[in-house]
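Engineer: Take a look at the following structure, please.
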Amino acid sequence: MLSTDAIVIGAGPVGLFQVFQLGLQGLRAHVIDALPHPGGQCAELYGDKPIYDIPAVQACTGHELVQRLLAQIQPFAPTLHLGQQVDTVQALPEGGFRVGTTQGTRLQARAVFIATGVGAFVPRTLKLPGLEAHEGGQLRYRLDDNASLTGQRVVVHGGDESAVAQVIACATAPEALRPAHTTLQHRRDVFDAPPALLQELQALRAAGRIAVAIGVAGGIVEEQGRLTALELTTPEGTQLRLPLDLLLVRLGLVPRLGPIAEWGLALERKQLVVDTATFATNVPGIHAVGDAITYPGKRKLILSGFHEATLAAFGAAEWLAGHKLPLEYTTSSERLQGLLGVAPSAH
């Protein structure tokens, strides 16, 4: 059981800034996110698109904003638990909370901060009879870095940027890790990806390193408990079987509220109700910020989330301390500058 001051659920921009504000209050944080990388919706939906409404930053992409936020929280050395989804939040009789994930991580904290946005981003699944039984084995929705695919017939199912990037990554992996055969399977021979990726895909197809199978997946073929092929119906109505050893499904991500609805928190239209003075929920010690919450005048903007994270950190720190805390400024407070690891400013 790992113990910490605060657990932040969600590693999007607001969750990362929540870590920073908690750090200024002297509170250590662990961060949990369902995605295998920080950034949340910002990285997934507009990672390469410009953002123009971050104060003092004329323009930056979603990825650039996430990298800046990660650099900002470095002095507080938070522990990140990525690729994990929280399934239990339990208030303890002696105070504090026990938080568990579906992957078996168990944490204990004095306070919890929910920054899940519109929900945990989880892979959109391919629904075919009998396929679910192969998940984690021959069916994967994510592929570990440096996974060895040597000698395997790999089929990547999907037609958007993530599918195109995945099939290119397989076909261009180091020779010792490369599949024996790589196929991109989609219902039509049109793919939604940036021009540079599409050009690379076309070059690899022309070189014979990527095959493309067009058709609607309607079933699977199994032999002795193993997944051996995907059944397709081509645009011409022909039935065919696509042999495989590993099926990588890349149909994008979908946000899900998940088990938050079961934690005894007040909800309004699937959003958490908070006190706007402290961004506390109806459960003492649990605060919520960002797109996960609702209150009169709420605006779903990153800027608004930064404001909410600031007040939530103050609210939690004062609740834990049992008294009001003085307001300090990073420009003049030696305590804050010490926490940030910067030289005291001249007075």
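Engineer: Treating cross-link reach as a plain straight distance, find the lysines whose alpha-carbon is under 27 Å from the alpha-carbon of LYS324, omitting any fewer than eight places away in the same chain.
Structural biologist: LYS298
Engineer: Here's a follow-up. What is the spin-label model distance, in nm, from THR276 to ALA56 if the labels are put 7 Å beyond Cα along the C-beta direction?
Structural biologist: Result for the modelled spin labels: 2.6 nm.
Engineer: When the gyration tensor of the stretch 174-312 is built from Cα positions, what are the square roots of 5 times its three eigenvalues, in whole Å, from largest to smallest?
Structural biologist: Working: eigenvalues 444, 82, 46 Å².
The answer is 47, 20, 15 Å, longest axis first.
Engineer: Answer rounded, prolate or oblate for the stretch 1-86, using the Cα gyration tensor with square roots of eigenvalues a ≥ b ≥ c: rounded when a/c is under 1.5, else prolate when a/b is larger than b/c, else oblate. Could the numbers behind the result be given before it?
Structural biologist: Details: a/c = 2.80, a/b = 1.46, b/c = 1.92.
Here the stretch 1-86 falls in the oblate category.
Engineer: Select from GLU262, GLU318, GLU223 the residue whose mean-square fluctuation is largest in a Gaussian network model of the chain (Cα-Cα springs shorter than 10 Å).
Structural biologist: Looking only at GLU262, GLU318, GLU223, the largest GNM fluctuation is found for GLU223.
Engineer: Now a separate question. Please compute the modelled spin-label separation between THR294 and THR172, points set 7 Å along Cα→Cβ, answer in nm with one decimal.
Structural biologist: About 4.5 nm separates the two model spin labels.
Engineer: Taking R0 as 35 Å, what FRET efficiency do you get between GLU334 and VAL122 from their Cβ-Cβ distance, rounded to the nearest 0.05?
Structural biologist: Given R0 = 35 Å and the Cβ-Cβ separation, E is 0.20.
Engineer: I would also like to ask the following. Using helices alone, what [θ] at 222 nm do you get for the chain, with -39,500 (n - 2.57) per DSSP H run of 4 or more residues, divided over all residues and rounded to the nearest 500?
Structural biologist: -7000 deg cm²/dmol
Engineer: Additional query: Which of the three applies to the stretch 144-254, rounded, prolate or oblate, going by the alpha-carbon gyration tensor with a ≥ b ≥ c and a/c under 1.5 meaning rounded?
Structural biologist: Details: a/c = 1.62, a/b = 1.12, b/c = 1.45.
It is oblate, given that a/c is not under 1.5 and a/b is not larger than b/c.
Engineer: Whole-Hz ³J(HN,Hα) for each residue in the stretch 223-228, computed from phi via Karplus 6.51 cos²θ - 1.76 cosθ + 1.60 with θ = phi - 60°, x for glycine and proline: what do you get?
Structural biologist: Ordered by residue, 3J(HN,Hα) equals 9, 6, x, 9, 7, 10 Hz.
Engineer: Points 7 angstrom from Cα along the Cβ direction at THR238 and GLU64: gap in nanometres?
Structural biologist: Modelled inter-label distance: 4.8 nm.
Engineer: Taking a ≥ b ≥ c as the square roots of the Cα gyration tensor eigenvalues, with a/c under 1.5 meaning rounded and otherwise prolate when a/b beats b/c, else oblate, which class fits the stretch 56-136?
Structural biologist: Oblate shape, in that a/c is at least 1.5 and b/c is the bigger or equal ratio.
Engineer: Oh, and also: Need the C-alpha centroid separation for the stretch 249-278 versus the stretch 109-133, integer Å.
Structural biologist: With the stretch 249-278 and the stretch 109-133 each reduced to a Cα centre, they are spaced 11 Å.
Engineer: I need the helices of the chain that pass two filters: whole DSSP H segments spanning 30 Å or more by Cα along the axis, and mean Kyte-Doolittle score no lower than 1.6.
Structural biologist: Numbers: long enough: none.
What comes out of the filter, once short or polar helices are dropped, is none.
Engineer: Let me ask something else. Two decimals is fine: what's Rg over Rh for the chain, C-alpha atoms, Kirkwood radius as Rh? Numbers along the way, then the final one.
Structural biologist: Working: Rg = 23.4 Å, Rh = 22.4 Å.
Over the Cα atoms of the chain, Rg/Rh equals 1.04.
Engineer: So if I take the centroid of the Cα atoms in the stretch 1-51 and the same for the stretch 155-189, what is the distance between those two points in Å?
Structural biologist: Centre-to-centre distance over Cα atoms comes out at 31 Å.
Engineer: If you don't mind, another one. Could you identify which residue out of GLY100, GLY12, GLY151 has the top mean-square fluctuation in a GNM of the chain using Cα springs shorter than 10 Å?
Structural biologist: Among GLY100, GLY12, GLY151, the largest GNM mean-square fluctuation belongs to GLY151.
Engineer: Quick one: which residues, 5+ away or cross-chain, put their amide H under 5 Å from the amide H of ILE293? H built at 1.01 Å from N.
Structural biologist: LEU272
Engineer: Among LEU204, THR238, GLY215, pick out the residue whose Cα is farthest towards the positive end of the charge dipole of the stretch 141-251, where Lys and Arg carry +1 and Asp and Glu carry -1 on C-beta, about the Cα centre.
Structural biologist: THR238
Engineer: Using a Gaussian network for the chain with springs between C-alpha atoms less than 10 Å apart, which of these wobbles most: GLN58, GLN72, GLN21?
Structural biologist: The residue with the greatest mean-square fluctuation here is GLN58.
Engineer: Would you mind telling me the antiparallel percentage of the DSSP bridges in the chain, rounded to 5?
Structural biologist: 45
Engineer: Pop out the Kirkwood hydrodynamic radius of the stretch 104-162 from its pairwise C-alpha distances, inverse of mean 1/r, in Å to one decimal.
Structural biologist: Radius from the Kirkwood sum: 15.5 Å.
Every number here is computed from the coordinates shown, using simple stated rules; none is lab data. A quick note: this is a predicted structure, and the numbers were derived from the prediction, not measured. Here Cβ is always computed from backbone atoms with ideal geometry, including for glycine, and neighbour counts include all displayed protein chains.
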